[in-house]
Amino acid sequence: MKLDLLVASGGVLSHAPRMEQTALMLVDSFEPEGFTELAKDSIFMMPHLGVLSTVNEKAATDVFINDCLVYLGTCVAPIGQGKDGEKCADYEIVFKGGRAPEQGSLSFGELKLIALGDNERATITMKPGKSVDLGEGKGVAVTKEARGGAVGILLDGRGRPLQLPADATARVNALNRWNQAVNLYPVKG
């Protein structure tokens, strides 16, 4: 819960064909909890900037801030477990700039992707179920600002720790459902 930013770096993460793929690799690998911003190293330049910083710290910092980081968005992942389809949390998202608010429920086993562009912000209020924690204790509502990015807001109701179904068919169905929810592999029409 103390971690509020995950940065993807390395060949596979920096060069994934779609930003959604990088975001989901980060979320599935590190299983962030609560509200976490996601970003990636644009072209795997962070190691080189580390070397540059020993020669010219200001130049390295400027390149890092202006050219290196690509913000993907914010992942909101409640901690807890429940049966697929059971309510995990209710949410309300208030967007800056006049866009109509969105509200709804997040179920266990569900991923939701909500568009929020680069440099856009929104205020998210999550009201978790009584056995679910978002950082303030089980069942306690949390309101935080979310940063947008190339992917947007990812509401992750898959539970923490993330557990895949034991049955092979159910596991494949869950993975396909999650891939479709974030448009991981778009179907050309």
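The values are calculated or read from the model by the stated rules, or taken from the named source; none is laboratory data. What you see is a predicted model; the values in this text were computed from it and never measured. Cβ sites come from the backbone with ideal geometry, for glycine too, and all protein chains shown count toward neighbours. Surface areas here come from the heavy atoms of the whole protein model, side chains and all, with no ligands, DNA or RNA. Shrake-Rupley method; radii C 1.70, N 1.55, O 1.52, S 1.80 Å.
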message: So if I place +1 on the C-beta of Lys and Arg and -1 on the C-beta of Asp and Glu, and nothing else carries charge, what would the dipole magnitude of the range 1-63 be about its Cα centre? I want it in debye, nearest 20.
response: 200
task: Let me know the shape class of the range 107-147, please: from the alpha-carbon gyration tensor, a ≥ b ≥ c as square roots of the eigenvalues, rounded when a/c is under 1.5, otherwise prolate if a/b is greater than b/c, or oblate.
output: oblate
task: Identify the GluC sites (Glu not before Pro) of the range 104-158 meeting these criteria: DSSP loop state and at most 14 other C-beta atoms within 10 Å of the C-beta.
output: E136
- prompt: Taking the range 84-143, which trypsin sites (Lys or Arg not before Pro) meet the DSSP loop condition and have no more than 11 other C-beta atoms within 10 Å?
  reply: K130
message: For the full complex of protein chains and a 1.4 angstrom probe, list E57, E86 by accessible area with the highest value first.
response: E57, E86
Residue of D62, D84, D156 that the Gaussian network model of the chain assigns the largest fluctuation, springs spanning Cα pairs under 10 Å: D62
field: Heavy-atom accessible surface of the chain: percent carbon and sulfur, 1.4 Å
entry: 54
field: Nonlocal amide H pairs with A89, under 5 Å, H built at 1.01 Å
entry: L106, G129
- request: Compute, for T54, the solvent-accessible surface of its heavy atoms (probe 1.4 Å) with the complete set of protein chains present, and express it in square angstrom to the nearest 10.
  value: 110
query: What is the count of Lys pairs in the chain whose alpha carbons sit under 12 Å apart, if the two are 8 or more places apart or on different chains?
result: 5
- prompt: Taking Cα atoms of the range 1-135, Rg/Rh with Kirkwood Rh, to two decimals?
  reply: 1.04
Whole-number D in µm² s⁻¹ for the range 1-70, Kirkwood Cα-pair radius fed into Stokes-Einstein, 20 °C, 1.002 mPa s: 167
task: Specify the inter-centroid distance of the range 156-189 and the range 21-52, based on alpha-carbon positions, in whole Å.
output: 21
message: Taking 8 Å as the Cα distance limit and 6 or more residues as the minimum spacing, I'd like the relative contact order of the chain as a percentage.
response: 22
query: Treating the beta-carbon of each Lys and Arg as +1 and of each Asp and Glu as -1, no other charges, what is the dipole magnitude of the chain about its Cα centre, to the nearest 20 debye?
result: 360
message: Please compute the modelled spin-label separation between Y185 and V94, points set 7 Å along Cα→Cβ, answer in nm with one decimal.
response: 4.1
query: Applying 1/(1 + (r/R0)^6) with R0 = 22 Å to the Cβ-Cβ distance of D167 and R18, what FRET efficiency is obtained, to the nearest 0.05?
result: 0.15
statement: For the chain, the per residue accessible area (1.4 Å probe, Å²) is 53
field: Candidates V94, V70, V172: whichever shows maximal mean-square fluctuation once the chain is modelled as a Gaussian network with Cα springs under 10 Å
entry: V172
